[in-house]
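A.B. asks: The structure follows.
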There are 2 protein chains.
Amino acid sequence: MEVKLPTFNSVFSIDCVIFGFEAGELKILLIERNEEPFKDWLALPGYIVEQDESIDDAAERILYELTGLRDLHMQQFHTFGEVDRHPQGRVITVAYYALIRINGQKEVKPITQYAKNAFWHPVNDLPKLAFDHTEIFETGFNKIRRRLNYQPIAFELLPEKFTLTQLQSLYEAVLNKKLDKRNFRKKMLSYGFLKELDEKQKGVSYRAAKLYKFDRRKYTKIFQNDLNLDK
Amino acid sequence: MEVKLPTFNSVFSIDCVIFGFEAGELKILLIERNEEPFKDWLALPGYIVEQDESIDDAAERILYELTGLRDLHMQQFHTFGEVDRHPQGRVITVAYYALIRINGQKEVKPITQYAKNAFWHPVNDLPKLAFDHTEIFETGFNKIRRRLNYQPIAFELLPEKFTLTQLQSLYEAVLNKKLDKRNFRKKMLSYGFLKELDEKQKGVSYRAAKLYKFDRRKYTKIFQNDLNLDK
DNA sequence: AATATACTGTGTCAAATTTACACCATTAAA
DNA sequence: TTTAATGGTGTAAATTTGACACAGTATATT
């Protein structure tokens, strides 16, 4: 923006694509809308930005109000600004993604009345979504697919302690292809940022696997000289 | 955006980081502002989005009005939404980049009175810019650095016919490091999307180099199975 | 005509990385 | 004790990357 301000020229919103991983499946968080337009439709959690909050702050607040989730690391990925994307007027939306451990999170549920409820849905079988939310989802999914290879996003989706098989099945779910077990392990371990624990998986009816932890300090050290990958 | 529209809540703008390549140097397009705030400061070309145009359309229009440049392939890369980024009020801006051949373009010059003039400036020696434009530039520069490796953006900066040395020096300018000549050529040619022409460089006082063309059809064919890289 | 200048264009080998590939070990349940 | 299910492991070939140097050619200069 370059000159004296005109009056406001648009409505500005945030939409969130929240990924979770559960039972070997990649899921996203959807809400059931409780207001027109698209009342009763499924949609991404999203709402309008306030004038006195940054868009990053707005993303956190909105996600919380619609789903009860807090303190996720949200990352902007694209802004959608087609004139007709909202049936009631000009609304420009900034899309964010976040990744979250589904297990160990309290149930998701809306805090405000704008959503009837919120729930996890597998990405492989998404219904039609309100507005242009299908496109927003797909754009976001493509982003995390790419980023999986150069950012430590997998570890935000897994429990703190995880097995290498779990890690692999997450990669397979995101990339949508099978990986070779031995090569995958060799590679992951070669990075040096996985810490092997003196602990094993519990509650399985077969040989328990070793648990690992992601060591963010080491990761940062190893990749500190890379280009800034944020934004 | 999810519910009935409130009145407009913000001003919405576009800022452009336009890269060009000339005399072995990477440059961006700056304007000299002609209005408050930041009157007489240098800034990225940018302006306010109209209500009846998509943000992609706005980006093209605004760039044209401030610099006379048209029909560039502009690519959104980040949205800046800090509350205080504009001294006069809430302005959210979507930043775009584009790449352009400086040579063979007509002179850049503003069409509207919002900018006094427009000119190319080397990226290595940028002055202080208005607003948060220095941050916007840096974010954009990091983006194209990354994308250089998986998108054919180099060829938008070079003339249609170019030598491998020119291509290499562009890579060196963007990545800010020296590359090995033989390895660079081997690799580039191995992709198979460079077409060798029956033509040589002219007007140099030493052995003329072969000219090449970028074959976008072949490029697309080769990489058609990759993830969608737009957005 | 000879020489200087400046850049073009090329190949090999070692090292590192990636890929393909299969079976025994362990645990719990039946 | 047997079955079911997954855990955990190594090697060799192929590919890719990285390091490295000099003769060839067009022009300008003398």
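The values are calculated or read from the model by the stated rules, or taken from the named source; none is laboratory data. For clarity, every value in this text was computed on a predicted model and none was experimentally measured. All Cβ positions, even for glycine, are placed from backbone atoms using ideal geometry, and neighbour counts span all protein chains on display.
A.B. asks: What residue, among those in the stretch A:204-214 that are within 12 Å of DNA strand D (Cβ to nearest atom) and not basic (Lys, Arg), is nearest to A:Gln151 (Cα to Cα)? Even if it seems obvious, please write down each step before you answer.
C.D. replies: First, pick out the residues of the stretch A:204-214 that are within 12 Å of DNA strand D (Cβ to nearest atom): A:204-212.
Filter again for not basic (Lys, Arg), leaving A:204-206, A:208-209, A:211-212.
Numbers: A:Val204: 30, A:Ser205: 33, A:Tyr206: 32, A:Ala208: 28, A:Ala209: 25, A:Leu211: 21, A:Tyr212: 18 Å.
Of everything passing the filter in the stretch A:204-214, A:Tyr212 is nearest to A:Gln151 (Cα to Cα).
A.B. asks: Out of (1) over 30 Å from B:Glu32 (Cβ atoms); (2) away from chain A (no Cβ under 14 Å); (3) within 16 Å of DNA strand C (Cβ to nearest atom), what's the single condition that is false for B:Leu170?
C.D. replies: Checking B:Leu170 against (1) over 30 Å from B:Glu32 (Cβ atoms); (2) away from chain A (no Cβ under 14 Å); (3) within 16 Å of DNA strand C (Cβ to nearest atom), the one that fails is (1).
A.B. asks: Among B:Ala59, B:Ala115, which is the only one that is closer than 22 Å to A:Ser13 by Cβ and more than 7 Å from every other protein chain (Cβ to nearest Cβ)?
C.D. replies: It is B:Ala59.
A.B. asks: Hey, among B:Asn183, B:Asn228, which residue is at pLDDT below 95 and not hydroxyl-bearing (Ser, Thr, Tyr)? Spell out how you get there, then give the answer.
C.D. replies: Values: B:Asn183 fails: at pLDDT below 95.
Unique residue meeting the criteria: B:Asn228.
A.B. asks: Tell me yes or no: at least one residue of the stretch B:175-191 is closer than 30 Å to A:Thr79 by Cα and outside the structural domain of B:Cys16 (by TED's automatic domain parsing).
C.D. replies: Going through the stretch B:175-191, the residues closer than 30 Å to A:Thr79 by Cα turn out to be B:175-176.
Keeping just the survivors that are outside the structural domain of B:Cys16 (by TED's automatic domain parsing) gives B:175-176.
Yes, the conditions are met somewhere in the stretch B:175-191.
A.B. asks: Tell me, which helices (runs of 4 or more DSSP H) wholly within the stretch A:103-183 include 2 or more residues that are within 13 Å of the chain's Cα centre (by Cα)?
C.D. replies: Values: elements: A:133-147, A:154-157, A:164-175.
Hits in the stretch A:103-183: A:133-147, A:154-157.
A.B. asks: Restricting attention to the stretch A:64-73, does a residue exist that is surrounded by fewer than 22 Cβ atoms within 10 Å (Cβ to Cβ), within 11 Å of another protein chain (Cβ to nearest Cβ) and not acidic (Asp, Glu)?
C.D. replies: Checking the stretch A:64-73: not a single residue is surrounded by fewer than 22 Cβ atoms within 10 Å (Cβ to Cβ), within 11 Å of another protein chain (Cβ to nearest Cβ) and not acidic (Asp, Glu).
A.B. asks: While we're on this one: Is there a residue being within 16 Å of DNA strand D (Cβ to nearest atom) and under 16 Å from B:Glu25 (Cβ atoms) anywhere in the stretch B:179-202?
C.D. replies: No, that holds for no residue.
A.B. asks: Select from the stretch A:116-140 the residues that are of a type in the set (Val, Ile, Thr) and crowded, with 17+ Cβ neighbours inside 10 Å and write down the one among them that is nearest to A:Val94 (Cα to Cα). It would help to see each step written out before you state the result.
C.D. replies: In the first step, residues of the stretch A:116-140 are kept if they are of a type in the set (Val, Ile, Thr); the result is A:123, A:134, A:136, A:139.
Of the ones still in play, those that are also crowded, with 17+ Cβ neighbours inside 10 Å are A:123, A:136, A:139.
Details: A:Val123: 21, A:Ile136: 10, A:Thr139: 12 Å.
Ranking the candidates gives A:Ile136 first.
A.B. asks: Anything in the stretch B:144-178 that is modelled with pLDDT of 95 or more, surrounded by 16 or more Cβ atoms within 10 Å (Cβ to Cβ) and basic (Lys, Arg)? List them, or say none.
C.D. replies: Selection gives B:Lys161 alone.
The rows are residues; the columns are (1) within 12 Å of DNA strand C (Cβ to nearest atom); (2) surrounded by 15 or more Cβ atoms within 10 Å (Cβ to Cβ).
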site	(1), (2)
A:Lys181	yes, no
A:Tyr191	yes, no
A:Gln201	yes, yes
A:Val204	yes, no
A:Ala209	yes, no
A:Arg216	no, no
A:Thr220	no, no
A:Phe223	no, yes
